[in-house]
Amino acid sequence: MRKGFEWYVAGRYLRARSQEKLVSIIAILSFLGIMLGVATLIIVTAVMNGFHKELLGQILGINGHLRVYHSQQQPLYYQPVVDRLKEHLNVTLAHPIIEKQGMVTSAHGAAAVIVHGIASAHLQKREMITSKVKWGTSIFNDDQHILIGKRLAEKLGVLPGGKLTLMIPQGTATPFGMAPRAKTFKVGGVFEMGMVDYDNAYVFMPLEVAQVFFRLPEGTCTNVEIFTDNLSKASDRVPGLMAKLPPELGILDWQKANTGYFEAIKVERNVMFIILTLIIVVAVFNVISSLIMLVKDKSQEIAIFKTIGAARTSILKIFLLIGGSIGLAGTILGGILGCIFAANIESIRKGLEKITHTNLFQAEIYFLSKLPAELNIYEVMSIMLMAMVLTLLAAFYPAWRASRLDPVDTLRQI
């Protein structure tokens, strides 16, 4: 047989004639199924990666890699603890914080909040917070200034310079009984982290003011936050750090503190990957059915090819080329479509919301204020490779069946 015989025949079979429309339709559906399956899988994987990256960045922007706490929930005298922690070579920053719950009120409403007492000098080292200040300043100008999230500011109708009243359940004795403790503060700055839990409920105030307001002894805090030189190895630093601390103190790493967030993303990602892979599998079965029908339709031609000297491997190659061509075209176009969609997913979301007049991504449900996506070239290539391998495996049986046709029996039926 002449050189390029298999490629020529495979190309001719892919160009359907009028009597082969059904085979052509099934092949087109197979191509579309593979393309959409690959694109969807890439998009979902990118979105899950984006969620993980954004949540990790936001959580560690607000909180440290490790947190020291008192096992009996007692106030923690922080200076000796900070001094001991700084002796550890892997600790880049250790500072006290006060974290308590409360409620803020204004003329426009009320909201439950989490109060973070932190020294102004330490707050300025937290670039993730200071860089997200939209209005006002992150510097505590005086004891009355606080920093709040944008969603909280919008809910309470306040801007920098406006006033809020902070209340906590620990009461103050009055002639009429116990009354909640309250103090009025001035909003010094408004930040927007992009994560609803923070923008909606976090309040930062000077550490010394928080000590007085929550009636903690001077020089104490509720936790000491630690930043290490390597985030991924933060949990490995715990035993060495614990050796420097009194036995009544404990250390919580960021992974254990936020297990719920990251486990939920991991489970959802795995489930979605399995479900969406089924789209590719269904398309692969279409490849099998279209090739089986093509083999049956072309059985007489296959018999003639064998009669004039075509080897079994040539027939096998013809149908593998047909299935591989469908898979390759669907995989490449699906990869391109998926990458383009993932790279512009936030703009596409906003466009769809304007057209449909609906909220497709509610920040209160998904934690983040925008739809994130992070493309990983290795994952994209893995998805495309998986689609190609599945298609070639699917094409093998019909191709093997075609190569095993007996030309004598087939031509006898003409």
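Given the criteria part of a strand (DSSP E or B), closer than 23 Å to TYR78 by Cα and acidic (Asp, Glu), does GLU208 qualify? Here the answer is no, as GLU208 does not meet what is asked.
Exactly one residue out of THR331, THR358 is in the same structural domain as MET35 (by TED's automatic domain parsing) and either modelled with pLDDT of 85 or more or in a helix (DSSP H, G or I) (or both): that is THR331. Closer than 30 Å to LEU252 by Cβ, of a type in the set (Ser, Thr, Tyr) and modelled with pLDDT of 85 or more: is that true of TYR198 in this structure? For TYR198, the condition - closer than 30 Å to LEU252 by Cβ, of a type in the set (Ser, Thr, Tyr) and modelled with pLDDT of 85 or more - is not met. Among residues of the stretch 30-71 being surrounded by fewer than 21 Cβ atoms within 10 Å (Cβ to Cβ) and among the small types (Gly, Ala, Ser), the one that is nearest to the chain's Cα centre (by Cα) is GLY50.
Quickly run through the stretch 85-98 and pick out the residues that are more than 23 Å from LYS163 (Cβ to Cβ) and crowded, with 18+ Cβ neighbours inside 10 Å.
Within the stretch 85-98, the subset more than 23 Å from LYS163 (Cβ to Cβ) is 85-97.
LEU85, VAL91, ALA94, HIS95, PRO96, ILE97, listed by residue number.
ALA310 meets each of the listed conditions (1) among the hydrophobic types (A, V, I, L, M, F, W, C); (2) under 34 Å from the mean Cα position of the chain (by Cα); (3) over 23 Å from SER120 (Cβ atoms) apart from (2). Among residues of the stretch 334-351 that are assigned by TED's automatic domain parsing to the domain that holds PHE31 and over 11 Å from ALA373 (Cα atoms), those with a Cβ under 6 angstrom from a residue that is among the aliphatic types (A, V, I, L, M) and surrounded by fewer than 15 Cβ atoms within 10 Å (Cβ to Cβ), sequence gap 6+ or separate chain, pair up as ARG349/LEU360.
Confirm whether VAL224 is out of contact with any Lys or Arg (no Cβ under 6 Å at 6 or more places or on another chain), of a type in the set (A, V, I, L, M) and assigned to a helix (DSSP H, G or I). Reasoning before the result, please.
Values: out of contact with any Lys or Arg (no Cβ under 6 Å at 6 or more places or on another chain): yes; of a type in the set (A, V, I, L, M): yes; assigned to a helix (DSSP H, G or I): no.
No; evaluated as a whole, the condition is false for this residue.
In the stretch 136-163, of all residues being in contact with a Lys or Arg (Cβ under 8 Å, 6 or more places away or on another chain) and part of a strand (DSSP E or B), the one that is farthest from GLY117 (Cα to Cα) corresponds to LYS163. For the stretch 185-194, state whether one or more residues are closer than 27 Å to VAL82 by Cα and out of contact with any Pro (no Cβ under 7 Å at 6 or more places or on another chain). No, there is no match, as no residue in the stretch 185-194 is closer than 27 Å to VAL82 by Cα and out of contact with any Pro (no Cβ under 7 Å at 6 or more places or on another chain). Restricting the stretch 300-327 to residues that are buried (at least 19 other Cβ atoms within 10 Å of the Cβ) and modelled with pLDDT under 80 leaves a set whose member that is nearest to LEU29 (Cα to Cα) is ILE302.
The values are calculated or read from the model by the stated rules, or taken from the named source; none is laboratory data. The structure presented is a predicted model; accordingly, all values stated were derived computationally and were not measured. All Cβ positions, glycine included, derive from the backbone under ideal geometry; neighbour counts span all protein chains shown.
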